[in-house]
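Participant: What follows is a single structure, and I will ask about it in a moment.
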Amino acid sequence: MENDYLALVSWLCGLTLFVITVVTACVVISENRNPVRSLAWLTVLTVVPVFGLMLYFIFGRDVKSKRAALSRSMKRKLRRREKAVWPNSASIPLADESRQLIKVAGTLTGNGIHTGNGATVYDNGREMFDALIKDIEGATRYVYIQFYIIENDEVGRRLQQALIGASSRGVKVYLIYDPVGSVGTGKKFFKSMESAGVVVKPFIPVRFPGFGVRINWRNHRKQCVIDGAYGYVGGMNIADRYVDGGREFDSWRDIHVRVSGSVVRSIESSFVTDWGFMGDDFDALFDEQPLTSEGGELTMQVVTSGPTSQWANIELLFLRAIGRARRRIYIETPYFLPTEGLLSMLQSSALGGVDVRIMVPRRSDSAVLTYASSSYVAECLRAGIKIYFYEPGMLHSKTMIVDDEMVTIGSTNFDFRSFEHNFEVNLFIYSAAFNEEMANRFHEALRNATRIFPDKWAGRSRVRRIKESLMRLLAPIL
(Lines give C-alpha, C1' and ligand atoms only; values in the text may rest on other atoms or scores of the structure.)
Protein backbone atom coordinates (compact mmCIF):
# COMPACT_ATOMS: atom_id res chain seq x y z
CA MET A 1 0.00 0.00 0.00
CA GLU A 2 2.80 2.39 0.96
CA ASN A 3 4.63 1.68 -2.30
CA ASP A 4 1.47 2.34 -4.28
CA TYR A 5 1.03 5.67 -2.47
CA LEU A 6 4.62 6.72 -3.18
CA ALA A 7 4.23 5.70 -6.80
CA LEU A 8 1.08 7.82 -7.10
CA VAL A 9 2.77 10.84 -5.52
CA SER A 10 5.77 10.41 -7.80
CA TRP A 11 3.51 10.15 -10.84
CA LEU A 12 1.53 13.27 -9.84
CA CYS A 13 4.75 15.24 -9.24
CA GLY A 14 6.09 14.17 -12.61
CA LEU A 15 2.82 15.09 -14.31
CA THR A 16 2.75 18.47 -12.57
CA LEU A 17 6.32 19.18 -13.63
CA PHE A 18 5.50 18.15 -17.20
CA VAL A 19 2.41 20.37 -17.35
CA ILE A 20 4.25 23.39 -15.87
CA THR A 21 7.14 22.88 -18.26
CA VAL A 22 4.82 22.65 -21.27
CA VAL A 23 2.85 25.72 -20.18
CA THR A 24 6.07 27.67 -19.62
CA ALA A 25 7.36 26.60 -23.04
CA CYS A 26 4.11 27.83 -24.59
CA VAL A 27 4.53 31.18 -22.81
CA VAL A 28 8.10 31.47 -24.15
CA ILE A 29 6.86 30.80 -27.70
CA SER A 30 3.88 33.17 -27.38
CA GLU A 31 6.12 36.09 -26.32
CA ASN A 32 7.50 36.23 -29.91
CA ARG A 33 11.04 36.98 -28.79
CA ASN A 34 14.21 36.63 -30.77
CA PRO A 35 14.12 32.99 -32.01
CA VAL A 36 17.66 32.35 -30.75
CA ARG A 37 16.68 33.39 -27.25
CA SER A 38 13.42 31.41 -27.33
CA LEU A 39 15.27 28.30 -28.49
CA ALA A 40 17.80 28.74 -25.70
CA TRP A 41 15.02 28.75 -23.12
CA LEU A 42 13.24 25.82 -24.74
CA THR A 43 16.51 23.84 -24.74
CA VAL A 44 17.10 24.48 -21.04
CA LEU A 45 13.47 23.66 -20.17
CA THR A 46 13.66 20.40 -22.10
CA VAL A 47 17.08 19.17 -20.98
CA VAL A 48 16.93 20.20 -17.31
CA PRO A 49 13.26 21.03 -16.62
CA VAL A 50 13.50 21.65 -12.86
CA PHE A 51 16.59 23.84 -13.14
CA GLY A 52 15.20 25.43 -16.30
CA LEU A 53 11.95 26.40 -14.59
CA MET A 54 13.86 27.97 -11.73
CA LEU A 55 16.02 29.95 -14.16
CA TYR A 56 13.04 31.06 -16.20
CA PHE A 57 10.98 32.35 -13.27
CA ILE A 58 14.01 34.24 -11.94
CA PHE A 59 15.59 35.53 -15.15
CA GLY A 60 13.42 34.71 -18.13
CA ARG A 61 10.05 36.37 -17.87
CA ASP A 62 9.42 39.13 -20.37
CA VAL A 63 8.33 42.03 -18.19
CA LYS A 64 9.51 44.88 -20.43
CA SER A 65 7.27 47.92 -20.53
CA LYS A 66 4.80 46.59 -17.97
CA ARG A 67 5.89 49.21 -15.47
CA ALA A 68 6.59 52.81 -16.32
CA ALA A 69 9.71 54.30 -14.82
CA LEU A 70 7.97 57.62 -14.15
CA SER A 71 4.49 59.05 -14.47
CA ARG A 72 3.77 61.40 -17.35
CA SER A 73 3.63 64.39 -15.02
CA MET A 74 7.06 63.57 -13.64
CA LYS A 75 8.45 63.20 -17.15
CA ARG A 76 7.01 66.57 -18.17
CA LYS A 77 8.62 68.16 -15.14
CA LEU A 78 12.01 66.77 -16.11
CA ARG A 79 11.57 67.83 -19.74
CA ARG A 80 10.69 71.42 -18.77
CA ARG A 81 13.80 71.56 -16.62
CA GLU A 82 16.02 70.18 -19.40
CA LYS A 83 14.52 72.05 -22.32
CA ALA A 84 16.35 75.31 -21.61
CA VAL A 85 19.69 73.69 -22.37
CA TRP A 86 18.74 71.83 -25.57
CA PRO A 87 20.40 73.46 -28.57
CA ASN A 88 19.35 72.82 -32.15
CA SER A 89 21.77 70.26 -33.60
CA ALA A 90 21.43 71.86 -37.03
CA SER A 91 23.50 74.81 -35.80
CA ILE A 92 26.40 72.59 -34.71
CA PRO A 93 29.09 71.47 -37.19
CA LEU A 94 28.67 67.69 -37.10
CA ALA A 95 28.86 64.84 -39.60
CA ASP A 96 25.57 63.62 -41.04
CA GLU A 97 26.07 60.26 -39.32
CA SER A 98 26.30 62.02 -35.94
CA ARG A 99 23.19 64.09 -36.62
CA GLN A 100 21.19 60.97 -37.43
CA LEU A 101 22.44 59.20 -34.30
CA ILE A 102 21.54 62.24 -32.19
CA LYS A 103 18.05 62.27 -33.69
CA VAL A 104 17.50 58.57 -32.99
CA ALA A 105 18.75 58.97 -29.40
CA GLY A 106 16.47 61.96 -28.88
CA THR A 107 13.47 60.05 -30.22
CA LEU A 108 14.21 57.04 -28.00
CA THR A 109 14.97 58.86 -24.77
CA GLY A 110 13.77 62.44 -25.13
CA ASN A 111 17.26 63.67 -24.27
CA GLY A 112 18.74 66.50 -26.30
CA ILE A 113 22.37 67.31 -26.90
CA HIS A 114 24.54 69.71 -24.91
CA THR A 115 27.33 71.86 -26.30
CA GLY A 116 30.21 73.55 -24.53
CA ASN A 117 31.12 70.69 -22.19
CA GLY A 118 34.46 69.57 -20.79
CA ALA A 119 35.68 66.04 -20.04
CA THR A 120 38.50 64.34 -18.18
CA VAL A 121 39.03 60.64 -18.91
CA TYR A 122 40.34 58.21 -16.29
CA ASP A 123 41.57 54.75 -17.21
CA ASN A 124 42.58 53.69 -13.70
CA GLY A 125 40.64 53.64 -10.48
CA ARG A 126 43.07 55.49 -8.24
CA GLU A 127 42.92 58.74 -10.22
CA MET A 128 39.16 58.56 -10.68
CA PHE A 129 38.43 57.90 -6.99
CA ASP A 130 40.79 60.68 -5.92
CA ALA A 131 39.01 63.15 -8.22
CA LEU A 132 35.53 61.97 -7.18
CA ILE A 133 36.25 62.22 -3.46
CA LYS A 134 37.91 65.62 -3.88
CA ASP A 135 34.78 66.90 -5.66
CA ILE A 136 32.55 65.47 -2.91
CA GLU A 137 34.70 67.07 -0.23
CA GLY A 138 34.29 70.39 -2.04
CA ALA A 139 30.51 70.10 -2.47
CA THR A 140 28.41 72.95 -1.05
CA ARG A 141 24.84 72.10 -2.10
CA TYR A 142 24.24 68.47 -3.05
CA VAL A 143 25.71 65.12 -4.06
CA TYR A 144 23.70 62.57 -6.04
CA ILE A 145 25.64 59.32 -6.30
CA GLN A 146 24.76 55.90 -7.69
CA PHE A 147 26.83 52.75 -8.17
CA TYR A 148 26.02 49.13 -8.92
CA ILE A 149 28.69 47.89 -6.50
CA ILE A 150 29.84 49.65 -3.34
CA GLU A 151 32.22 47.49 -1.32
CA ASN A 152 33.07 47.82 2.36
CA ASP A 153 36.80 48.08 1.68
CA GLU A 154 39.37 50.88 1.66
CA VAL A 155 37.90 52.67 -1.36
CA GLY A 156 34.35 52.15 -0.12
CA ARG A 157 35.16 53.52 3.32
CA ARG A 158 36.90 56.55 1.78
CA LEU A 159 33.71 57.30 -0.12
CA GLN A 160 31.61 56.62 2.98
CA GLN A 161 33.57 59.15 5.04
CA ALA A 162 33.48 61.74 2.24
CA LEU A 163 29.68 61.46 2.01
CA ILE A 164 29.27 61.63 5.78
CA GLY A 165 31.55 64.66 5.86
CA ALA A 166 29.51 66.38 3.15
CA SER A 167 26.28 65.67 5.01
CA SER A 168 27.74 67.09 8.23
CA ARG A 169 28.43 70.37 6.36
CA GLY A 170 24.76 70.65 5.41
CA VAL A 171 25.14 69.26 1.89
CA LYS A 172 22.19 67.19 0.67
CA VAL A 173 23.52 63.70 -0.06
CA TYR A 174 21.44 61.06 -1.86
CA LEU A 175 22.86 57.61 -2.53
CA ILE A 176 21.47 54.72 -4.61
CA TYR A 177 23.13 51.31 -4.60
CA ASP A 178 22.14 48.01 -6.13
CA PRO A 179 21.45 45.37 -3.44
CA VAL A 180 22.49 42.49 -5.73
CA GLY A 181 25.70 44.11 -6.90
CA SER A 182 26.49 45.16 -3.32
CA VAL A 183 25.21 41.95 -1.73
CA GLY A 184 28.37 41.35 0.30
CA THR A 185 28.65 44.84 1.72
CA GLY A 186 26.27 44.52 4.65
CA LYS A 187 23.52 46.85 5.85
CA LYS A 188 25.64 48.23 8.68
CA PHE A 189 27.87 49.99 6.14
CA PHE A 190 24.91 51.91 4.70
CA LYS A 191 23.17 52.40 8.07
CA SER A 192 26.17 54.34 9.36
CA MET A 193 25.72 56.82 6.50
CA GLU A 194 21.98 57.08 7.12
CA SER A 195 22.67 57.86 10.78
CA ALA A 196 24.86 60.75 9.63
CA GLY A 197 22.11 62.24 7.45
CA VAL A 198 22.85 60.62 4.07
CA VAL A 199 19.65 59.53 2.33
CA VAL A 200 20.37 55.96 1.19
CA LYS A 201 18.16 53.81 -1.05
CA PRO A 202 18.68 50.27 -2.38
CA PHE A 203 17.39 49.97 -5.94
CA ILE A 204 14.57 47.37 -6.05
CA PRO A 205 15.39 45.28 -2.96
CA VAL A 206 15.15 41.56 -3.66
CA ARG A 207 12.19 40.15 -1.76
CA PHE A 208 8.90 38.37 -2.27
CA PRO A 209 6.54 38.81 -4.02
CA GLY A 210 7.98 39.46 -7.44
CA PHE A 211 11.32 37.83 -6.60
CA GLY A 212 12.05 36.97 -10.24
CA VAL A 213 11.48 40.49 -11.54
CA ARG A 214 13.31 42.07 -8.64
CA ILE A 215 16.47 39.99 -8.95
CA ASN A 216 16.51 40.35 -12.73
CA TRP A 217 16.04 44.11 -12.89
CA ARG A 218 19.44 45.38 -11.80
CA ASN A 219 20.64 48.96 -11.84
CA HIS A 220 24.06 48.76 -13.45
CA ARG A 221 24.59 52.53 -13.68
CA LYS A 222 27.68 54.18 -12.22
CA GLN A 223 27.07 57.92 -12.06
CA CYS A 224 27.42 60.91 -9.77
CA VAL A 225 26.56 64.61 -9.81
CA ILE A 226 28.09 67.23 -7.50
CA ASP A 227 26.40 70.64 -7.16
CA GLY A 228 25.27 70.49 -10.79
CA ALA A 229 28.84 71.39 -11.64
CA TYR A 230 30.46 68.00 -12.25
CA GLY A 231 29.17 64.64 -13.36
CA TYR A 232 30.74 61.20 -13.50
CA VAL A 233 29.75 58.38 -15.88
CA GLY A 234 31.59 55.18 -16.79
CA GLY A 235 32.35 51.58 -15.96
CA MET A 236 33.99 51.78 -12.53
CA ASN A 237 32.33 50.64 -9.33
CA ILE A 238 33.40 51.49 -5.79
CA ALA A 239 35.88 48.75 -4.82
CA ASP A 240 39.59 48.25 -4.20
CA ARG A 241 39.97 45.95 -7.21
CA TYR A 242 39.51 48.94 -9.52
CA VAL A 243 42.76 50.25 -8.03
CA ASP A 244 44.91 47.16 -7.48
CA GLY A 245 43.21 44.38 -9.47
CA GLY A 246 41.97 42.55 -6.39
CA ARG A 247 42.76 38.94 -5.56
CA GLU A 248 42.32 37.57 -9.06
CA PHE A 249 44.16 40.08 -11.26
CA ASP A 250 47.42 42.02 -11.29
CA SER A 251 45.66 45.09 -12.65
CA TRP A 252 42.21 46.36 -13.62
CA ARG A 253 41.63 48.53 -16.70
CA ASP A 254 38.46 50.59 -16.84
CA ILE A 255 37.22 53.88 -18.27
CA HIS A 256 35.33 56.60 -16.41
CA VAL A 257 34.79 60.21 -17.42
CA ARG A 258 34.31 63.38 -15.37
CA VAL A 259 32.30 66.01 -17.24
CA SER A 260 31.41 69.66 -16.72
CA GLY A 261 28.92 71.88 -18.50
CA SER A 262 25.21 71.66 -19.18
CA VAL A 263 25.35 67.90 -19.88
CA VAL A 264 25.57 67.46 -16.11
CA ARG A 265 21.84 68.27 -16.02
CA SER A 266 21.08 65.19 -18.11
CA ILE A 267 23.14 62.95 -15.80
CA GLU A 268 21.27 64.49 -12.90
CA SER A 269 17.96 63.71 -14.59
CA SER A 270 19.03 60.07 -14.92
CA PHE A 271 19.59 59.91 -11.17
CA VAL A 272 16.34 61.73 -10.40
CA THR A 273 14.45 59.34 -12.67
CA ASP A 274 15.79 56.35 -10.75
CA TRP A 275 14.88 58.02 -7.48
CA GLY A 276 11.33 58.55 -8.72
CA PHE A 277 11.18 54.98 -10.04
CA MET A 278 11.60 53.75 -6.47
CA GLY A 279 8.43 55.60 -5.52
CA ASP A 280 10.09 58.47 -3.71
CA ASP A 281 9.11 62.10 -4.20
CA PHE A 282 11.90 63.71 -6.17
CA ASP A 283 10.86 67.36 -5.71
CA ALA A 284 13.53 67.78 -3.03
CA LEU A 285 16.19 66.74 -5.57
CA PHE A 286 15.52 69.62 -7.95
CA ASP A 287 18.14 72.33 -7.90
CA GLU A 288 17.04 75.51 -9.63
CA GLN A 289 20.29 77.41 -9.30
CA PRO A 290 22.08 78.13 -12.58
CA LEU A 291 24.96 75.97 -13.65
CA THR A 292 28.30 77.26 -12.45
CA SER A 293 30.77 74.68 -13.77
CA GLU A 294 33.38 75.46 -16.35
CA GLY A 295 32.62 74.09 -19.78
CA GLY A 296 34.60 73.14 -22.83
CA GLU A 297 34.14 72.45 -26.51
CA LEU A 298 32.50 69.01 -26.49
CA THR A 299 29.02 68.11 -27.71
CA MET A 300 27.44 65.38 -25.57
CA GLN A 301 24.25 63.41 -25.16
CA VAL A 302 23.21 61.18 -22.24
CA VAL A 303 21.41 57.95 -23.18
CA THR A 304 19.73 55.69 -20.65
CA SER A 305 18.25 52.26 -21.22
CA GLY A 306 16.48 49.65 -19.14
CA PRO A 307 13.73 47.02 -18.95
CA THR A 308 11.06 49.71 -18.55
CA SER A 309 12.07 51.44 -21.78
CA GLN A 310 9.83 50.87 -24.78
CA TRP A 311 12.90 50.06 -26.88
CA ALA A 312 16.35 48.64 -26.22
CA ASN A 313 17.73 52.18 -26.51
CA ILE A 314 21.47 51.62 -26.31
CA GLU A 315 21.43 48.48 -28.45
CA LEU A 316 19.54 50.33 -31.19
CA LEU A 317 22.03 53.19 -31.09
CA PHE A 318 24.94 50.75 -31.26
CA LEU A 319 23.31 49.13 -34.29
CA ARG A 320 22.84 52.52 -35.94
CA ALA A 321 26.39 53.68 -35.24
CA ILE A 322 27.98 50.42 -36.42
CA GLY A 323 25.82 50.30 -39.53
CA ARG A 324 26.79 53.85 -40.51
CA ALA A 325 30.54 53.37 -39.87
CA ARG A 326 32.80 54.07 -42.84
CA ARG A 327 36.35 53.87 -41.49
CA ARG A 328 36.76 52.27 -38.07
CA ILE A 329 34.97 50.70 -35.11
CA TYR A 330 36.95 50.15 -31.91
CA ILE A 331 35.24 48.33 -29.03
CA GLU A 332 36.42 47.60 -25.50
CA THR A 333 34.20 45.34 -23.43
CA PRO A 334 34.71 42.84 -20.60
CA TYR A 335 32.11 40.46 -22.03
CA PHE A 336 31.35 40.03 -25.72
CA LEU A 337 27.95 38.37 -26.10
CA PRO A 338 26.37 40.30 -28.98
CA THR A 339 22.79 39.95 -30.08
CA GLU A 340 22.32 38.37 -33.50
CA GLY A 341 21.69 41.79 -35.03
CA LEU A 342 24.84 43.35 -33.58
CA LEU A 343 27.02 40.42 -34.59
CA SER A 344 25.69 40.55 -38.15
CA MET A 345 26.21 44.31 -38.30
CA LEU A 346 29.81 44.02 -37.11
CA GLN A 347 30.48 41.27 -39.64
CA SER A 348 28.87 43.30 -42.43
CA SER A 349 30.98 46.33 -41.54
CA ALA A 350 34.21 44.32 -41.53
CA LEU A 351 33.34 42.63 -44.81
CA GLY A 352 32.72 46.11 -46.25
CA GLY A 353 36.25 47.22 -45.42
CA VAL A 354 35.69 48.96 -42.08
CA ASP A 355 38.52 48.44 -39.58
CA VAL A 356 36.65 46.61 -36.79
CA ARG A 357 38.67 45.87 -33.66
CA ILE A 358 37.33 44.30 -30.50
CA MET A 359 39.38 44.10 -27.31
CA VAL A 360 38.31 41.77 -24.49
CA PRO A 361 40.19 40.34 -21.50
CA ARG A 362 41.91 37.01 -22.05
CA ARG A 363 40.36 35.99 -18.74
CA SER A 364 37.45 37.91 -17.25
CA ASP A 365 36.10 37.85 -13.71
CA SER A 366 33.53 35.24 -14.78
CA ALA A 367 34.67 31.89 -16.22
CA VAL A 368 31.21 31.29 -17.70
CA LEU A 369 31.23 34.62 -19.54
CA THR A 370 34.84 34.13 -20.66
CA TYR A 371 33.93 30.90 -22.46
CA ALA A 372 30.65 32.32 -23.77
CA SER A 373 32.48 35.36 -25.18
CA SER A 374 35.12 33.14 -26.78
CA SER A 375 32.44 31.24 -28.66
CA TYR A 376 31.94 34.29 -30.90
CA VAL A 377 35.59 34.71 -31.83
CA ALA A 378 35.64 32.33 -34.81
CA GLU A 379 32.62 34.01 -36.43
CA CYS A 380 34.24 37.42 -36.01
CA LEU A 381 37.60 36.29 -37.40
CA ARG A 382 35.94 34.73 -40.42
CA ALA A 383 34.47 38.14 -41.34
CA GLY A 384 37.78 39.95 -40.91
CA ILE A 385 37.08 41.43 -37.47
CA LYS A 386 40.30 41.88 -35.48
CA ILE A 387 40.07 40.32 -32.01
CA TYR A 388 42.52 41.22 -29.23
CA PHE A 389 42.94 39.58 -25.83
CA TYR A 390 44.04 42.05 -23.16
CA GLU A 391 46.81 40.35 -21.15
CA PRO A 392 47.88 42.28 -17.99
CA GLY A 393 44.67 41.78 -16.01
CA MET A 394 40.96 42.42 -16.09
CA LEU A 395 39.65 44.70 -18.83
CA HIS A 396 36.36 46.20 -17.65
CA SER A 397 36.12 49.20 -20.00
CA LYS A 398 32.87 49.76 -21.90
CA THR A 399 33.67 52.04 -24.81
CA MET A 400 33.06 52.26 -28.54
CA ILE A 401 34.77 54.57 -31.03
CA VAL A 402 33.22 54.98 -34.48
CA ASP A 403 34.95 56.75 -37.36
CA ASP A 404 36.37 60.20 -36.53
CA GLU A 405 33.70 61.87 -34.40
CA MET A 406 31.59 59.59 -32.19
CA VAL A 407 32.62 58.00 -28.88
CA THR A 408 30.43 56.34 -26.27
CA ILE A 409 31.52 55.62 -22.70
CA GLY A 410 29.31 54.21 -19.99
CA SER A 411 28.10 51.26 -17.99
CA THR A 412 26.83 49.13 -20.89
CA ASN A 413 28.58 45.84 -21.58
CA PHE A 414 28.39 44.41 -25.08
CA ASP A 415 26.05 41.63 -23.96
CA PHE A 416 22.43 40.55 -23.74
CA ARG A 417 21.98 41.47 -20.09
CA SER A 418 23.10 45.08 -20.50
CA PHE A 419 21.01 45.57 -23.62
CA GLU A 420 17.81 43.99 -22.32
CA HIS A 421 17.67 43.67 -18.52
CA ASN A 422 19.92 46.17 -16.79
CA PHE A 423 19.34 49.86 -16.19
CA GLU A 424 22.31 51.46 -17.97
CA VAL A 425 23.63 54.91 -18.80
CA ASN A 426 26.05 55.90 -21.56
CA LEU A 427 27.53 59.21 -22.57
CA PHE A 428 27.69 59.82 -26.33
CA ILE A 429 30.36 62.37 -27.23
CA TYR A 430 30.62 63.98 -30.68
CA SER A 431 34.05 65.54 -31.20
CA ALA A 432 36.90 64.86 -33.60
CA ALA A 433 39.51 65.82 -30.99
CA PHE A 434 38.00 63.64 -28.26
CA ASN A 435 37.53 60.78 -30.71
CA GLU A 436 41.23 60.93 -31.57
CA GLU A 437 42.19 61.04 -27.89
CA MET A 438 40.17 57.90 -27.18
CA ALA A 439 41.54 56.18 -30.29
CA ASN A 440 45.06 56.87 -29.02
CA ARG A 441 44.15 55.38 -25.63
CA PHE A 442 42.76 52.32 -27.42
CA HIS A 443 45.99 51.87 -29.38
CA GLU A 444 48.03 52.24 -26.18
CA ALA A 445 46.01 49.44 -24.60
CA LEU A 446 46.58 47.28 -27.68
CA ARG A 447 50.29 47.24 -26.81
CA ASN A 448 49.32 45.03 -23.88
CA ALA A 449 47.01 42.84 -25.95
CA THR A 450 47.53 39.83 -28.20
CA ARG A 451 45.85 39.72 -31.57
CA ILE A 452 44.11 36.42 -32.26
CA PHE A 453 44.59 34.95 -35.74
CA PRO A 454 42.30 32.33 -37.33
CA ASP A 455 44.90 29.56 -37.70
CA LYS A 456 46.04 29.83 -34.09
CA TRP A 457 42.48 30.03 -32.78
CA ALA A 458 41.53 26.92 -34.75
CA GLY A 459 44.19 24.98 -32.84
CA ARG A 460 42.63 25.41 -29.38
CA SER A 461 41.77 22.23 -27.50
CA ARG A 462 38.61 20.23 -27.98
CA VAL A 463 37.80 20.58 -24.29
CA ARG A 464 37.80 24.36 -24.62
CA ARG A 465 35.59 24.17 -27.70
CA ILE A 466 33.07 22.07 -25.79
CA LYS A 467 33.04 24.54 -22.89
CA GLU A 468 32.54 27.43 -25.31
CA SER A 469 29.66 25.65 -27.04
CA LEU A 470 27.92 24.82 -23.78
CA MET A 471 28.25 28.37 -22.49
CA ARG A 472 27.12 29.69 -25.89
CA LEU A 473 23.80 27.88 -25.38
CA LEU A 474 23.28 29.90 -22.22
CA ALA A 475 24.50 33.17 -23.72
CA PRO A 476 21.05 34.54 -24.66
CA ILE A 477 19.77 34.01 -21.11
CA LEU A 478 22.86 34.91 -19.07
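The values are calculated or read from the model by the stated rules, or taken from the named source; none is laboratory data. Note that this is a predicted model, so its numbers are computed, not measured. FYI the Cβ positions are ideal-geometry reconstructions off the backbone, even for glycines, and counts take in every protein chain you see. Surface accessibility is based on the protein's heavy atoms, side chains included, excluding ligands, DNA and RNA. Shrake-Rupley method; radii C 1.70, N 1.55, O 1.52, S 1.80 Å.
Participant: Once phi is turned into ³J(HN,Hα) by the Karplus curve 6.51 cos²θ - 1.76 cosθ + 1.60 with θ = phi - 60°, what whole-Hz value does each residue of the stretch 93-103 show in order, with x for glycine and proline?
Facilitator: For the stretch 93-103, the Karplus-derived couplings read x, 9, 5, 4, 4, 5, 4, 5, 5, 4, 5 Hz, x marking Gly and Pro.
Participant: Just to be sure I understand the model, the point goes 7 Å from the Cα along the line to the Cβ. What's the resulting Val368 to Lys456 distance in nm?
Facilitator: Computed distance between label sites Val368 and Lys456 equals 3.0 nm.
Participant: Please list, ordered by chain and number, the residues whose modelled amide H lies under 5 Å from the amide H of Asn219; skip anything fewer than 5 residues away on the same chain.
Facilitator: For Asn219, whose amide H was placed from the backbone, the distant partners under 5 Å are Phe423.
Participant: Accessible area per residue, 1.4 Å probe, Å², for the stretch 294-340: what's the number?
Facilitator: Value returned for the stretch 294-340: 34 Å² of accessible area per residue.
Participant: Would you mind giving the average projected area, over all directions, of the Cα convex hull of the stretch 376-449 in nm² with one decimal?
Facilitator: Quarter of the Cα hull surface area: 5.8 nm².
Participant: Counting only protein heavy atoms and a 1.4 Å probe, tell me what percentage of the stretch 89-141's accessible area is made up of carbon and sulfur.
Facilitator: The value for the stretch 89-141 is 48 percent carbon and sulfur by accessible area.
Participant: Kindly rank 355-365, 399-409 from highest to lowest mean number of other beta carbons found within 10 Å of each residue.
Facilitator: The densest-packed peptide leads the list: 399-409, 355-365.
Participant: What part of the accessible area of the stretch 385-432, given as a whole %, is carbon or sulfur when the probe is 1.4 angstrom?
Facilitator: 52 percent
Participant: Sticking with this structure for a sec: When the Karplus curve 6.51 cos²θ - 1.76 cosθ + 1.60 is applied with θ = phi - 60°, which whole-Hz ³J(HN,Hα) does each residue of the stretch 403-415 get, with x for Gly and Pro?
Facilitator: Each residue of the stretch 403-415 in turn: 6, 10, 9, 9, 9, 10, 10, x, 9, 7, 6, 8, 8 Hz.
Participant: Arrange the residues Tyr148, Tyr122 by how much accessible surface each exposes, largest first, with a 1.4 angstrom probe.
Facilitator: Per-residue accessible area, sorted high to low, gives Tyr148, Tyr122.
Participant: Then there's this: Just to check I understand the Karplus step: with θ = phi - 60° and J = 6.51 cos²θ - 1.76 cosθ + 1.60, what whole-Hz values come out for the stretch 179-185, glycine and proline as x?
Facilitator: Result, ordered by residue: x, 7, x, 9, 4, x, 6 Hz.
Participant: Another question, if that's okay. Would you rank Asp274, Asp130 by solvent-accessible area, highest first, keeping every protein chain in place and using a 1.4 Å probe?
Facilitator: Per-residue accessible area, sorted high to low, gives Asp130, Asp274.
Participant: Distance check, please: which entries in Lys187/Lys467; Lys103/Lys386; Lys187/Lys398; Lys386/Lys467; Lys134/Lys172 exceed 27 angstrom between their Cα atoms?
Facilitator: Result: Lys187/Lys467; Lys103/Lys386; Lys187/Lys398 exceed 27 Å.
Participant: Moving to a separate point now. Taking the Kirkwood radius as the inverse of the mean 1/r across Cα pairs, report the Rg/Rh of the stretch 299-389.
Facilitator: Across the stretch 299-389, the Cα-based Rg/Rh ratio is 0.98.
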